[in-house]
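Chemist: One structure, pasted below without further comment.
The values are calculated or read from the model by the stated rules, or taken from the named source; none is laboratory data. Predicted model only: the values in this text are computed from it and were never measured. Cβ coordinates were reconstructed from backbone atoms using ideal geometry, including for glycine residues, and neighbour counts include every protein chain displayed.
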Amino acid sequence: MHRLSILFLFISLTMTYNSFAQKVKRKGVTPVTVQKEAVKAKYVLKQFSGKWQETSRKGISKSDDLPFTDTLLMRFFDEKVEVKDAISMRMSVIGPAQVEAPNILNAAGDQYAVRKLTANELIMDDGEFVREFAKKEKFYSETVGNFKVSKDSFTHAINIEPANLKGRWMVYAKQALPGTVSNDQVIIKSIEILETSTAKTATGIITYYTSHTSFTEPCTIAINEGNIVISAGKNTLPLKTYKLDGNEFVFGDTAGLLYYAKPF
């Protein structure tokens, strides 16, 4: 009797299990293997073709523009890129260019995350800075030799407002009377005016060379009507302003060295 009870219990449990299994079993369903779609690159190398000149620079976590004089220049061609900066124009690096998914640009050994790319604008993050570029037919340095020196006759300095100086000015030509420039004289290459005030002062960055050595330093500029005094490091440069119209900045001394600069 005891054995029959155990057997009956076993049969009941088996029937219950089979009944439950039949209820949850889904007939006619074929297992499906889910595959994740491969990440595609947002850009192709052909979109970068041509010349790109850096126009602004920001910190990774900051929205304010940073001052810089080492303007980055990039020229893409035949799956290669030529990279150089405006300070060392004679030195350049040519290397392979490659785009990786989703938005990575490898350019001559350097890697950038592309934030935006249109026909005329390129914004990239190199891990330290966010750099904005503009598409150019020619780099600024390639047009400098084509600028015609103003034929204006400068005799007197003009009064200027500090706000009109703000911006980046690159010297494209110089004129000097014979014997007025010494070998160790400071020669200005570019000036970037960052901030101006109503107190006739301005601050910025100046790039200059002396005895074949180039320097880039912060500077202050004192303005007194048409006279400006640039102080950078140990150098104090008293200069006069002869023209400042938004398209050209002529300064220096007509009795010595005269500078012609254009915005860039």
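Chemist: Within the bounds of region 161-169, is there any residue that is on the phi > 0 side of the Ramachandran plot, out of contact with any Cys (no Cβ under 7 Å at 6 or more places or on another chain) and either hydrophobic (A, V, I, L, M, F, W, C) or modelled with pLDDT of 80 or more (or both)?
Modeler: Initial filter on region 161-169 (on the phi > 0 side of the Ramachandran plot): 167.
With out of contact with any Cys (no Cβ under 7 Å at 6 or more places or on another chain) added as a condition, the list becomes 167.
Narrowing the set further to residues that are either hydrophobic (A, V, I, L, M, F, W, C) or modelled with pLDDT of 80 or more (or both) leaves 167.
Looking through region 161-169, at least one residue is on the phi > 0 side of the Ramachandran plot, out of contact with any Cys (no Cβ under 7 Å at 6 or more places or on another chain) and either hydrophobic (A, V, I, L, M, F, W, C) or modelled with pLDDT of 80 or more (or both).
Chemist: On the basis of being modelled with pLDDT of 85 or more and not assigned by TED's automatic domain parsing to the domain that holds P102, does K40 make the cut?
Modeler: Working: modelled with pLDDT of 85 or more: yes; not assigned by TED's automatic domain parsing to the domain that holds P102: yes.
Here the answer is yes, as K40 does meet what is asked.
Chemist: Restricting attention to region 138-160, report how many residues are at pLDDT 80 or above and surrounded by 12 or more Cβ atoms within 10 Å (Cβ to Cβ).
Modeler: Residues flagged as at pLDDT 80 or above and surrounded by 12 or more Cβ atoms within 10 Å (Cβ to Cβ) within region 138-160 amount to 5.
Chemist: Could you look through region 213-264, keep only residues that are closer than 30 Å to W52 by Cα and of a type in the set (G, A, S), and pick out the one that is surrounded by the most Cβ atoms within 10 Å (Cβ to Cβ)?
Modeler: A261
Okay, residues lined up against (1) assigned to a strand (DSSP E or B); (2) assigned by TED's automatic domain parsing to the domain that holds D64; (3) within 30 Å of the chain's Cα centre (by Cα):
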residue: T180; (1), (2), (3): no, no, no
residue: Q185; (1), (2), (3): no, no, no
residue: K189; (1), (2), (3): yes, no, yes
residue: L194; (1), (2), (3): yes, no, yes
residue: S214; (1), (2), (3): yes, no, yes
residue: E217; (1), (2), (3): yes, no, yes
residue: S231; (1), (2), (3): yes, no, yes
residue: P238; (1), (2), (3): yes, no, no
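Chemist: Follow-up. Does any residue in region 96-113 that is in a loop (DSSP other than H, G, I, E, B) come within less than 9 Å, Cβ to Cβ, of a residue that is surrounded by 16 or more Cβ atoms within 10 Å (Cβ to Cβ) and acidic (D, E) six or more places away or on a different chain, and which pairs are these?
Modeler: Listed pairs, sorted by first residue: A108/E82.
Chemist: Please state which of the following conditions T196 fails to meet, knowing it meets all the rest: (1) touching a helix residue (DSSP H, G or I) at 6+ places or on another chain (Cβ under 7 Å); (2) within 25 Å of D85 (Cα to Cα).
Modeler: With respect to (1) touching a helix residue (DSSP H, G or I) at 6+ places or on another chain (Cβ under 7 Å); (2) within 25 Å of D85 (Cα to Cα), T196 is out only on (2).
Chemist: Every residue in region 173-182 that is surrounded by 15 or more Cβ atoms within 10 Å (Cβ to Cβ) and at pLDDT below 85, please.
Modeler: A176
Chemist: Condition (residue is under 21 Å from T207 (Cβ atoms), part of a strand (DSSP E or B), of a type in the set (D, E) and touching a residue at least 60 places away in the same chain (Cβ under 8 Å)) applied to region 50-63: is it met by at least one residue?
Modeler: Scanning region 50-63 turns up at least one residue that is under 21 Å from T207 (Cβ atoms), part of a strand (DSSP E or B), of a type in the set (D, E) and touching a residue at least 60 places away in the same chain (Cβ under 8 Å).
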